[in-house]
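Okay, structure first, notes after.
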Amino acid sequence: MTDFSILKKPLVTEKSSLNMEKGIYTFLVSSDTNKVAIKQVFEKLFGEKVQSVRITNIEKKTRLIAKGKLMEKRSHGKKAIITLKDHKKVDIFQTSTSASKEAKK
């Protein structure tokens, strides 16, 4: 797997935004990855040491709409919560590779 296929995208919610100030970042990750791979990819992309990685499974969520029909609202997957050492902050919306490309221009 490539680096970008493991970390799909950052999850931006009210709770995760508050945790970003504490050096805790939340990402959607591929469903067949593990903690070690997530840690290695994050350290490679952002250049910061990771203290811990926690993974939770996201279950599929369905709900009823008009006349008893089912509508799928959210698909299943995995979520990784990454804590950095010394609660450092990184800009997760701009990776180090895209920053180096902009610096060359």
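Values computed for the structure shown
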| read-out | value |
| --- | --- |
| Restraint check, Lys22/Lys69; Lys35/Lys67; Lys35/Lys73; Lys8/Lys67; Lys35/Lys69; Lys35/Lys60, Cα-Cα greater than 32 Å | Lys22/Lys69; Lys35/Lys67; Lys8/Lys67; Lys35/Lys69 |
| Trypsin sites (Lys or Arg not before Pro) restricted to region 28-60 and DSSP loop, no more than 16 other C-beta within 10 Å | Lys49, Lys60 |
| Relative contact order (%) - region 3-65, alpha-carbon pairs under 8 angstrom, separation at least six | 30 |
| Ordering of 76-84, 61-69 by burial proxy (mean other Cβ atoms within 10 Å per residue, highest first) | 76-84, 61-69 |
| Sparsely packed GluC sites (Glu not before Pro) within region 1-78, loop by DSSP, other Cβ within 10 Å at most 12 | Glu21, Glu59 |
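Values quoted throughout were computed directly from the atomic coordinates according to the rules given, and no laboratory measurement underlies them. The model shown is predicted, which means the values in this text are computed figures rather than measured ones. Here Cβ is always computed from backbone atoms with ideal geometry, including for glycine, and neighbour counts include all displayed protein chains.
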